[in-house]
Amino acid sequence: MRNSETTMRNAADSHYPAQADASIDWTDIQAGVFVGLVFAVIKGASIAMPEWRLGNLDSLIPFLICVEYTIYRARHYPEKLDVWGLTMPITTMAVVVGAAMAAAAIGCLATLGFLLTGSLSFEFIYVPKMIEYLVSAFPQQFFLCSVVLVSLSKIRVFHGQWRLPLVVGVLFALAHFWTPHHIPGTGIPLQLIGTFPLGFLAAWYFLTFRTILPLTVAHAVLYVLLHHWVLMHL
């Protein structure tokens, strides 16, 4: 019985390659907090003072800080690129699973959009918007998976097949609590509901395939479809 438990524990721990370095990288955590504060300040300023016309600076500045940070750290610690999931090879299975997850999510959005409007369409203008949103999606995926998830994975209490994905799903949902669109007739933010399963699946995907690039692309695609198919009709 004890051998069986040990085998199960080892199998679970195999999803946590970051355990090779048992210490949490607090520099990553500090960078994440700083970028989050920068985003909050710019977002708050754009809402409070729309006459400033800040545009997409709340996305662009965090993105540039994130890119500069990864370049700076990688010059001194190149192994971090693999830990962050930026340079790990994207396998065929990673592509197939990522595509299946994205297709399922798109199907859910399409169904909800059709129920809201009675029709559904895909316009070419969505494509450049998806490309543009990559600037916003990358910092979110980087700090959610490459920083928060990797850091928590080094704490044994979070080990197990589902514990860490559940925690990350909750954190990702809470990060969207401020969004203005609510479930009709309630005060519950719509994205609070949808982002929990997406955060859960993103965490599972990252632990399994150790790459954030497909997640970033899927994030951008899903957000634009969510906006045009669902949020605009609430």
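Just so you know, in segment 4-37 the residues that are aliphatic (A, V, I, L, M), surrounded by 16 or more Cβ atoms within 10 Å (Cβ to Cβ) and assigned to a helix (DSSP H, G or I) include one that is modelled with the lowest pLDDT, and it is Ala18.
For segment 149-177, a residue qualifies if it is closer than 18 Å to Gly85 by Cα and not in a loop (DSSP other than H, G, I, E, B), and the qualifying residues are Leu149, Val150, Ser151, Leu152, Leu164, Pro165, Val168.
Assess whether Ile61 counts as being without any contact (Cβ under 8 Å) to a residue 40 or more places away in the chain and part of a helix (DSSP H, G or I). Taking the combined requirement at face value, the residue satisfies it. Those residues that are crowded, with 17+ Cβ neighbours inside 10 Å and either at negative phi or of a type in the set (Phe, Trp, Tyr) (or both), I need them from segment 58-85; list them, please. Scanning segment 58-85 gives Asp58, Ser59, Ile61, Pro62, Phe63, Cys66, Tyr69, Thr70, Arg73, Lys80, Val83, Trp84. Where helices (runs of 4 or more DSSP H) fall wholly inside segment 69-148, no range has 1 or more residues that are of a type in the set (Phe, Trp, Tyr) and farther than 25 Å from Leu225 by Cβ.
Within segment 115-136, one or more residues are within 22 Å of Ile65 (Cβ to Cβ), in contact with a Leu (Cβ under 9 Å, 6 or more places away or on another chain) and modelled with pLDDT of 90 or more.
The values are calculated or read from the model by the stated rules, or taken from the named source; none is laboratory data. Here the structure is a predicted model, which means the values were calculated and not measured. Positions of Cβ are backbone-derived with ideal geometry, glycine not excepted, and every protein chain shown enters the neighbour counts.
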